[in-house]
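Presented below is the structure to which this report refers.
The values are calculated or read from the model by the stated rules, or taken from the named source; none is laboratory data. Model, not experiment: these values are computed from the prediction. Virtual Cβ from ideal backbone geometry, glycine too; neighbours counted across all protein chains shown. Calculation scope for accessible area: heavy atoms of the full protein, side chains included, ligands and nucleic acids excluded. Shrake-Rupley method; radii C 1.70, N 1.55, O 1.52, S 1.80 Å.
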Amino acid sequence: MRYVIIGAGAIGGALGGRLHEGGHEVVLVARGRHLSALQADGLRFSTPESTRTLRIHAVGGPEELTLHPDDVLLLTVKTQHSADLLETWAGQPVLGGGTAGDLLPLVCAQNGVESERLALRRFRRVYGMCLWMPASHLEPGHVAAPGAPLSGILTLGRYPAGADDTVRAIADDLEKSHFRAPVREDVLRWKYGKLIGNLANVIDALAGPIVDGPLMEFYRHTLAEGERVLTAAGIDYLPAAEEQVLRGDQRRDPVEGVEYDGNSSRQSVSRGAGSIETDFLNGEIVLLARLHGVPAPLNERLQHLATAFIRDGRPAGSLTPEELTAPAAL
């Protein structure tokens, strides 16, 4: 199988780099200065072992690529960018007849649960991937994956449920490429569990690392609120304690010359990306709360704060704990 990585940033670049090193054919899809750097100089890929340059085919979009029947599409952009890309890629022709949406498997390697819903409108074969994988997009052409002893744990399954030979083959390729890749028929349970943990991403992005004091208290209440909402909605999710056991000895190790720059939301703010995925993390809890008639004031507040923060162009971590928590009733 050939892996087409739609969005070769932190997660996509790390997945593509490891799959390439595992002997698999990979195409990276990127844009702007990042694409130019990949095409000119290759992917500079940093892990705890070393930094090396990988010559991986890179393109700007599907018009530069002939899709084959054995291709696997990995969607690795932030969810706010999914809809347009899914529309673009679904209608692309596949060599021998048919379109990508009709024929090719599409794996949503993303936080949250919305992209799978969006994808199933356009693709017949959709798979979810729960990411336990630290990664950073440092500068054009440079991606770091500090996970150890493996680069990450990637839990996969068919969406909305089930497993098949395709997902097992993808998992096997990932297992041979420095990942653990368990296949689960209930992948959404894992993704909703990860969603709860990701509710804290925006706190770090807006107000800085959660260490103790008011931020820690706000963090705990935010996650507890998310758990109450999922329970009210009748959604099963992987509890944090079970997740920690399954992660085992996975950790983030130092990477020479690379400074950890926070979670995916903080990276978006630090890079001036102009958007943040909060609408599909905390916003998912807000949506479910409204659908099921339960309150979610803390996640709603974080969603509003993130929107204003991005609109005003504030630097990452510049919100004071008082600005974050003062109006919120804990």
* **Student exercise, the stretch 57-196 dipole from Lys, Arg, Asp, Glu Cβ charges, in Debye to nearest 20** => 540
* To do: Could you check the simple spin-label distance between ASP70 and ALA233, using points 7 Å along Cα→Cβ, in nm with one decimal?
  => 3.9
* Structure fact -> Between the alpha carbon centres of the stretch 286-307 and the stretch 129-148 the gap in Å comes to 29
* Structure fact -> Computed ³J(HN,Hα) along the stretch 217-232: with the Karplus parameters 6.51/-1.76/1.60, θ = phi - 60°, integer Hz and x for glycine or proline, the list is 5, 4, 4, 4, 5, 5, 5, 4, 4, x, 5, 4, 5, 4, 5, 5
* **Net lengthening on full extension, ARG251/HIS292 (0.36 nm per residue, minus Cα-Cα)** => 11.1 nm
* List, in order, the whole-Hz ³J(HN,Hα) value for each residue of the stretch 235-244 obtained from phi through the Karplus relation with A = 6.51, B = -1.76, C = 1.60 and θ = phi - 60°; use x for Gly and Pro. => 9, 7, 9, 6, x, 4, 5, 5, 4, 4
* Carbon-plus-sulfur fraction of the accessible area of the chain, 1.4 Å probe, in percent? -> 50
* Asked: Farthest toward the dipole's positive end in the stretch 85-240, which of MET129, TRP89, GLN110, given Cβ charges of +1 (Lys, Arg) and -1 (Asp, Glu) about the Cα centre?
  -> TRP89
* DSSP loop (so not H, G, I, E, B), at most 14 other Cβ within 10 Å: list which trypsin sites (Lys or Arg not before Pro) in the stretch 29-59 pass both filters. => ARG31, ARG55
* **Using θ = phi - 60° and Karplus 6.51 cos²θ - 1.76 cosθ + 1.60, couplings along the stretch 317-326 (whole Hz; Gly, Pro as x)** => x, 8, 7, 6, x, 5, 5, 6, 10, 3
* Cα centroid distance between the stretch 1-80 and the stretch 250-279, in Å? -> 19
* Once exposed loop GluC sites (Glu not before Pro) are cut out (DSSP; at most 16 other Cβ, 10 Å), longest piece of the chain -> 50-184
* To do: Check each of the trypsin sites (Lys or Arg not before Pro) in the stretch 108-179 and keep only those in coil by DSSP with at most 15 other C-beta atoms within 10 angstrom; list them in order.
  => ARG121, ARG124, LYS176
* Asked: For GLY208, which sequence-distant residues (separation of 5 or more, or a different chain) have an amide H within less than 5 Å of its own amide H, given hydrogens modelled in the peptide plane?
  -> GLY317
* Structure fact -> Yeah, the stretch 106-255 with a ≥ b ≥ c from its alpha-carbon gyration tensor (a/c under 1.5 is rounded, else prolate when a/b outruns b/c, oblate otherwise) is oblate
* Tell me which residues come under 5 Å, amide H to amide H, from MET129 once H is placed; ignore anything under 5 positions away on its chain. => CYS108, GLN110
* **FRET efficiency, 1/(1 + (r/R0)^6) with R0 35 Å, evaluated for ARG33 and ARG220 via beta carbons** => 0.35
* Working from the alpha-carbon coordinates of the stretch 174-320, get Rg over Rh, Rh being the Kirkwood radius. => 0.98
* If you place +1 on the Cβ of every Lys and Arg and -1 on the Cβ of every Asp and Glu, how big does the dipole about the Cα centre of the stretch 159-263 come out, in debye to the nearest 20? -> 200
* Asked: What is the gain in length, in nm to one decimal, between TYR260 and ASP164 on full extension, counting 0.36 nm per residue of separation less the C-alpha to C-alpha distance?
  -> 30.9 nm
* Asked: Using 20 Å as the cut-off for backbone N distance, which residues of the stretch 42-59 belong to the label zone defined by a point 7 Å from the Cα of LEU95 along Cα→Cβ?
  -> 56-59
* When ligands, DNA and RNA are left out and all protein chains stay put, how many square angstrom of accessible area per residue does the chain have with a 1.4 Å probe? -> 42
* Stokes-Einstein at 10 °C, 1.306 mPa s, Kirkwood radius from Cα pairs: D for the stretch 139-184 in µm² s⁻¹? -> 135
* Taking the Cα centre of the chain as origin, sum charge times position over the Cβ atoms of Lys and Arg (+1) and Asp and Glu (-1), and report the length of that vector in debye to the nearest 20. => 260
* **Helix-derived mean residue ellipticity, 222 nm - over the chain, DSSP H n ≥ 4, -39500 (n - 2.57), to 500** => -12500 deg cm²/dmol
* Could you give the length gained on full extension between ALA83 and ARG271, defined as 0.36 nm per residue of separation minus the Cα-Cα distance, in nm? -> 65.5 nm
